[in-house]
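**Q** Below is one structure. I have some questions about it.
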Amino acid sequence: MLLENKQSENQLVQFSGIKRADISLFIKREDLLHPTISGNKYRKLRYNIEEARNLNHKTLLTFGGAYSNHIAAVAAAGKEFDFKTIGIIRGDEFAFNIENTLQTNPTFRFSAEQNMRLEFVSRKIYREKDTTPFYDFLKEKFGDFYLIPEGGTNELAVKGIEEILNKEDENFDYLAVSMGTGGTISGLVKSSFQHQKVLGFSSLKADFFGDAINKFTSKKNFEIFNNYHFGKYGKVTEELIIFINKFKNETSIPLDPIYTGKMIFGIVDLINQNYFEKNAKILAIHTGGLQGIEGMNTVLLKKNLPIII
Ligand SMILES: Cc1ncc(COP(=O)(O)O)c(C=O)c1O
């Protein structure tokens, strides 16, 4: 296979923010799987790029927003495995001054350096991305391509996510993961052991996750938390940044501000609120997303907020 099936280490978290000594929290370091195709992107792309190669496609086409981890990962995978890549990007304002866009947005700059062709479209057009007329338009414009949906979620992505867990992870009572489209939690629920409960932390205000998970599995051993998104998708507060920095100082584990930072904040809060029974063992999945820190820091600097270290 182009991307190998690798296992990542579970790291014990010792963090002063956790006020209960009987609970053990580990983080599965999926962020270390690959320098540029990291975390859940590695898992989601593994079978998809294999399929693209087997079907003899030369081009990968996908969708994403300004600081998308998925766009950066597809661009990197294309470069590494010799696919052309096209990113359909939400927001035509970025096209007005391309030089400035590439200078100020590290995700776009990185993706362009990986030779991804960036096509900026208006938010209105972007909303049509899953329709047949838009698909036909893309075919007409770009010719043949292998389509990967926004966020990378499809059946093959979920199959890849199922490879995160291994036999030793059976020891845990709880698994925790951040949610955007719901693809990652779906694979995790599918592959979870019978006695385990999967906790999903939403990165956005949304109530579609139950349906999103049901599309891939009939298992119901999950609970969704909708109160740790800090207002909306992409929003951060000073409290969150201070938390992420303190967590990194004490544990050496970097967290991103959009997904994993909010998840760990939520887990620590639930521990301290006595959500968990005595001696519970929790395994949180680090889904990567660290490439987004640089872009977020440019936004934080403009707002005079502390930056992520
Ligand atoms: C770093 C990171 N973690 C978690 C998620 C959420 O994954 P999913 O969209 O499969 O719910 C994403 C977004 O796709 C992500 O980039």
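The values are calculated or read from the model by the stated rules, or taken from the named source; none is laboratory data. Note that the structure is predicted; figures quoted are calculated from it, not measured. Neighbour counts are summed over all protein chains in view; Cβ atoms, including those assigned to glycine, are modelled from backbone coordinates with ideal geometry. Accessible surface areas use protein heavy atoms only, side chains included; no ligands, DNA or RNA. Shrake-Rupley method; radii C 1.70, N 1.55, O 1.52, S 1.80 Å.
**Q** Let me know the shape class of the range 40-152, please: from the alpha-carbon gyration tensor, a ≥ b ≥ c as square roots of the eigenvalues, rounded when a/c is under 1.5, otherwise prolate if a/b is greater than b/c, or oblate.
**A** oblate
**Q** Counting only other residues whose beta carbon sits under 10 Å from that of residue 92, what net charge do I get with K and R as +1, D and E as -1?
**A** The answer is +1.
**Q** Heavy atoms only, probe 1.4 angstrom, no DNA, RNA or ligands counted: give me 79, 220, 28 ranked by accessible area, highest first.
**A** Of 79, 220, 28, the descending order of accessible area is 220, 79, 28.
**Q** Work out the length of the dipole vector of the chain about its Cα centre, built from +1 on the beta-carbon of each Lys and Arg and -1 on the beta-carbon of each Asp and Glu, and round it to the nearest 20 debye.
**A** 320 debye
**Q** Follow-up. Please compute the net charge surrounding residue 115, taking Lys and Arg as +1 and Asp and Glu as -1 over other residues with Cβ under 10 Å from its Cβ.
**A** Surrounding charge for residue 115 is +2.
**Q** Let me ask something else about it. To the nearest 10 Å², what's residue 122's accessible area with a 1.4 Å probe?
**A** 30 Å²
**Q** Which of 151, 237, 114 sits closest to the plus end of the dipole of the chain, meaning its Cα is farthest towards the positive end, when Lys and Arg get +1 and Asp and Glu get -1 on the C-beta?
**A** Sorting the options by dipole projection puts first 237.
**Q** Determine ³J(HN,Hα), in whole Hz, for all residues of the range 221-232 in sequence, where each value follows from phi through the Karplus function 6.51 cos²θ - 1.76 cosθ + 1.60 and θ = phi - 60°; x replaces Gly and Pro.
**A** 7, 9, 9, 10, 10, 9, 10, 10, 8, 6, x, 5
**Q** Next up: For the residue pair residue 98 and residue 80, what label-to-label distance in nm results when each label sits 7 Å from Cα along the Cα-to-beta-carbon direction?
**A** Between residue 98 and residue 80, the label points sit 2.7 nm apart.
**Q** When we measure straight from the Cα of residue 44, which aspartates and glutamates land under 14 angstrom away, once same-chain ones fewer than 8 places off are left out?
**A** 4, 30, 31, 150, 155, 162, 163
**Q** Please compute the per residue accessible area over the chain with all protein chains in place, 1.4 Å probe, rounded to a whole number of Å².
**A** 45 Å²
**Q** Give me the number: length gained by fully extending residue 219 to residue 58, i.e. 0.36 nm times residue separation minus the C-alpha to C-alpha distance, one decimal in nm.
**A** Going from the current span to full extension adds 54.3 nm.
**Q** Something else: Given a 1.4 Å probe and every protein chain left where it sits, what share in percent of the accessible area of the chain is carbon and sulfur?
**A** On the chain, the fraction of accessible area on carbon and sulfur atoms equals 50 percent.
**Q** Using amide H atoms built 1.01 Å from N in the peptide plane, name the residues 5+ places from residue 118, or on other chains, whose amide H lies under 5 Å from its own.
**A** Under 5 Å from the amide H of residue 118: 87.
**Q** Nearest 20 debye, what's the magnitude of the dipole of the range 40-152 about its Cα centre given +1 on Lys and Arg Cβ and -1 on Asp and Glu Cβ?
**A** Result for the range 40-152 is approximately 240 debye, rounded to the nearest 20.
**Q** At 7 Å along the Cα-to-beta-carbon direction for both residue 281 and residue 21, put a label point, then send me their distance in nm to one decimal.
**A** Output for this residue pair reads 2.0 nm.
**Q** Given H placed 1.01 Å from N in the peptide plane, which residues other than close sequence neighbours of residue 146 have an amide H under 5 Å from its amide H?
**A** Long-range HN contacts for residue 146: 59, 60, 61.
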